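The values are calculated or read from the model by the stated rules, or taken from the named source; none is laboratory data. All figures in this text were calculated on a predicted structure; none of them were measured in a lab. Positions of Cβ are generated from backbone atoms using ideal geometry, with glycine treated the same way; all protein chains shown enter the neighbour counts. For the accessible areas, the whole protein counts, side chains as well, though only heavy atoms, and no ligand, DNA or RNA atoms are used. Shrake-Rupley method; radii C 1.70, N 1.55, O 1.52, S 1.80 Å.
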Amino acid sequence: MNCLLSLRGVAKAYRGDAAPFALEVPAFDLAEGEALALAGPSGSGKSTLLMMLALALPPDAGRFTFANIDVARLWREGRRDGLAALRATRIGVVPQTGGLLPYLSVAGNIGLTQRIAGCEDAARVRMLAEELGIGAQLRKRPAALSVGQRQRVAIARALAHRPALVLADEPTASVHPELADAVLALLKRECAAAGAALLVATH
């Protein structure tokens, strides 16, 4: 498998009112289509690393390449346009709580990443919804869904624009324990079917 992203000597430090925090990643590689878990207790830097991999947070030091693009250089040169384009077209994110927009329907939420990436495909939205067992919910708003259904919408949204990388930040944190394994299995299966690399942060 080809390497999708690679980190060498990447570091990020926070200095403020809270206790100082420093994250150091000596080496990390993720191949195309690979699925990995990022395990550790709360406060260990999992979310910080995911934010960097999602191109939403700049590293302080080190080498960072994604899809053969020098991400660290884009940050150094202030190329936010290039970072935004990569983020919109190549990365899908599943947040802890789903992060759905309450004023959009399920179909609108799933299709949001497609609209941002400029690749709207209603048939794919319907297909993902059916695959994830929420096909009957497409016209509903998030408030009408169960927690488990909302997480499935978030998974569909993360995959809708065919990203190369899916990042999931403790996606089962707000899901009933009985549903947790099912949600993770669905996420892994759908990423595998889409050929997307998957990194899941978990306790």
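From the list Ala37, Ala19, Ala11, exactly one residue is surrounded by fewer than 16 Cβ atoms within 10 Å (Cβ to Cβ), under 14 Å from the mean Cα position of the chain (by Cα) and at pLDDT below 95. Which is it?
On inspection, the qualifying residue turns out to be Ala37.
Tally up the residues in the stretch 1-50 that are assigned to a strand (DSSP E or B) and of a type outside the set (Val, Ile, Thr), please.
Residues flagged as assigned to a strand (DSSP E or B) and of a type outside the set (Val, Ile, Thr) within the stretch 1-50 amount to 26.
Return yes or no: is Glu170 under 12 Å from the mean Cα position of the chain (by Cα), surrounded by fewer than 21 Cβ atoms within 10 Å (Cβ to Cβ) and of a type in the set (Asp, Glu)?
So Glu170 fits the description; yes.
Being at negative phi, without any contact (Cβ under 8 Å) to a residue 24 or more places away in the chain, out of contact with any strand residue (DSSP E or B) (no Cβ under 7 Å at 6 or more places or on another chain) and basic (Lys, Arg) is true for just one of Arg80, Arg87. Which residue is that?
Arg80
Give the stretch 168-187 a look and list any residue that's without any contact (Cβ under 8 Å) to a residue 60 or more places away in the chain, outside any loop (DSSP other than H, G, I, E, B) and hydrophobic (A, V, I, L, M, F, W, C), or say none.
Those that are without any contact (Cβ under 8 Å) to a residue 60 or more places away in the chain, outside any loop (DSSP other than H, G, I, E, B) and hydrophobic (A, V, I, L, M, F, W, C): Leu179, Ala180, Ala182, Val183, Leu184, Ala185, Leu186.
Restricting to the stretch 102-133, count the residues that are part of a loop (DSSP other than H, G, I, E, B), over 19 Å from Cys191 (Cβ atoms) and out of contact with any helix residue (DSSP H, G or I) (no Cβ under 6 Å at 6 or more places or on another chain).
4
Going residue by residue through the stretch 59-66, is there one that turns out to be over 20 Å from Leu187 (Cβ atoms), open to solvent by 40 Å² or more (accessible area, probe 1.4 Å), among the polar types (S, T, N, Q) and not in a strand (DSSP E or B)?
no
Does Val147 satisfy being β-branched (Val, Ile, Thr), open to solvent by less than 20 Å² (accessible area, probe 1.4 Å) and out of contact with any Cys (no Cβ under 8 Å at 6 or more places or on another chain)?
Here the answer is no, as Val147 does not meet what is asked.
Report the residue count in the stretch 134-167 for those that are in contact with a Leu (Cβ under 7 Å, 6 or more places away or on another chain) and part of a helix (DSSP H, G or I).
Result for the stretch 134-167: 11.
Scanning the stretch 67-111 for residues that are of a type in the set (Val, Ile, Thr) and open to solvent by 30 Å² or more (accessible area, probe 1.4 Å), which turns out nearest to Ser146 (Cα to Cα)?
Among those that are of a type in the set (Val, Ile, Thr) and open to solvent by 30 Å² or more (accessible area, probe 1.4 Å), it is Thr97.
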